[in-house]
Amino acid sequence: MVNVENLTRIYQTGSTRQVVFDALTFSVDRGEAVALLGASGSGKTTLLNLVSGIDTPDNGRVLLDGVDVHALVEPE
């Protein structure tokens, strides 16, 4: 099961601030299939990177079977 709680990701480049997600919350149950759809630059890859632990959110948590992905050390 995947639980995303209050996920926030912001990119800052100089004086430009781009909010990709602000308090995004959703869950995907075991066996459930989902699809990510959206225009180029809408945050699909950013979301996948956050859920997989490749990227770190500015705020919020990603739980896989109750385990906080971003609290794990790299080998885990």
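In region 45-76, the qualifying residues are those that are in a helix (DSSP H, G or I) and under 15 Å from VAL2 (Cβ atoms), and the one that is most open to solvent (accessible area, probe 1.4 Å) is LEU48. Scanning region 1-18 for residues that are of a type in the set (Val, Ile, Thr) and over 13 Å from the mean Cα position of the chain (by Cα), we see that the one that is most open to solvent (accessible area, probe 1.4 Å) is THR13.
The values are calculated or read from the model by the stated rules, or taken from the named source; none is laboratory data. Worth saying up front: this structure is predicted, and the values here are computed from it rather than measured. Cβ coordinates were reconstructed from backbone atoms using ideal geometry, including for glycine residues, and neighbour counts include every protein chain displayed. The protein model used for the area step is the full one, side chains on, heavy atoms only, and it has no ligands, DNA or RNA in it. Shrake-Rupley method; radii C 1.70, N 1.55, O 1.52, S 1.80 Å.
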